[in-house]
1. Considering only region 1-42, state which residues are surrounded by fewer than 19 Cβ atoms within 10 Å (Cβ to Cβ) and either assigned to a helix (DSSP H, G or I) or near the ligand (Cβ under 7 Å from one of its atoms) (or both).
2. Could you tell me whether any residue of region 161-178 is surrounded by 17 or more Cβ atoms within 10 Å (Cβ to Cβ) and modelled with pLDDT under 95?
3. Quick one: which of Ala35, Ala45, Ala6 is without any contact (Cβ under 8 Å) to a residue 60 or more places away in the chain and over 16 Å from the mean Cα position of the chain (by Cα)?
4. For the structure I just gave you, tell me whether Val179 is under 25 Å from Asp230 (Cβ atoms), touching a residue at least 60 places away in the same chain (Cβ under 8 Å), more than 13 Å from the ligand (Cβ to nearest atom) and not hydroxyl-bearing (Ser, Thr, Tyr).
5. Among the residues of region 43-92, what is the count of those that are surrounded by 19 or more Cβ atoms within 10 Å (Cβ to Cβ) and in a loop (DSSP other than H, G, I, E, B)?
6. Only one of (1) over 17 Å from Thr48 (Cβ atoms); (2) in contact with a Gly (Cβ under 6 Å, 6 or more places away or on another chain) is not met by Thr191, so which one is it?
7. Tell me which of these Val104 doesn't satisfy, since it passes every other one: (1) away from the ligand (no atom under 11 Å from the Cβ); (2) more than 28 Å from Gly135 (Cα to Cα); (3) touching an Asp or Glu at 6+ places or on another chain (Cβ under 8 Å); (4) of a type in the set (A, V, I, L, M, F, W, C).
8. Name the one entry in Met193, Met131 that is within 14 Å of the ligand (Cβ to nearest atom) and at negative phi.
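The values are calculated or read from the model by the stated rules, or taken from the named source; none is laboratory data. From a predicted model like this one, the values you see are computed outputs, not experimental measurements. So basically every Cβ, Gly included, is an ideal-geometry build from the backbone, and we count neighbours across all protein chains shown.
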Amino acid sequence: MTKEFAGKVALVTGGSRGIGRAICRLLAQGGAAVAVNYANDENGAKETKRVVEAEGAKCLVVRADVSDEGQVASMVSQVEGALGPVDILVANAGWIQTGTHEEVDFATWKRHFTINTDGVFLPVWAVKDGMIARGDGRIVCISSIAALRPRPRQIAYGAAKAAVIGLVRSCAEAFAPQVRINCIAPGLIETDMSNTLSPEIRKVMVDQTPMKRIGRPEEIAELAAFLLSDRSSFTTGQTMVASGGRVTLP
Ligand code: NAP
């Protein structure tokens, strides 16, 4: 891989495992210094640090709840103090609890929005002014095909992830031309999150996927790297779907 992110500082929220770790690895391969955010899984974050440093990149591990304004501000100032201004943000941290509509109460609804939507807004708001002032910034936010395709057991999650797409579309216009911001809507990807689904539900989802398999975190990371690189220099405000074709089904 070319060192297309050489000299850049990247912050990846929810970098302790899954899709976040795969993105951290690819950004490190591309030459970025990488700040790995996590909420609880310190050992996972340390493992991501090992992976990043194995690529020859600088790494900082930062604990912060992305839905807490004070913790996000402190995270960004720690990153900027240790590595420099944030050039690249990947707002990846997320949370899901599947359930029927009878099981969704207001607390569950609010928790989905707190982590998946506030948890994108706050990191974006913490870095956008610096990016605009410096004249360059790239942001990728991770949504889900649950935002685009109705899922009866993902009501709150789908609504919160749809809000992320709306945020990205408006911000793209507001932050241009200095900052490009795009969204990725993954289908079912092999991570701890998808492993919470029962084998029966996973089978149904794979059967509904034209490519007949679960995606790999590395496949989402490749798309993120593309959207964060100069290779996508005329693309902003878009939501790229990576789902093995699943969202195209009725
Ligand atoms: P995962 O393996 O469950 O990892 C979730 C990550 O988010 C972890 O690093 C976790 O940190 C972090 N996180 C959760 N709450 C946080 C908080 N309040 N503050 C900071 N970090 C927090 O999930 P994944 O599958 O890699 O998912 C990554 C993103 O892709 C999420 O936004 C998810 O909604 C989205 N997505 C996933 C799939 C899929 O099938 N896997 C499909 C569509 C979209 P800790 O480890 O410290 O808890």
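1. Those that are surrounded by fewer than 19 Cβ atoms within 10 Å (Cβ to Cβ) and either assigned to a helix (DSSP H, G or I) or near the ligand (Cβ under 7 Å from one of its atoms) (or both): Asn40, Asp41, Glu42.
2. Looking for residues that are surrounded by 17 or more Cβ atoms within 10 Å (Cβ to Cβ) and modelled with pLDDT under 95, one finds none in region 161-178, hence no.
3. Criteria check complete, one pass: Ala6.
4. no
5. 9
6. (1)
7. (3)
8. Met193
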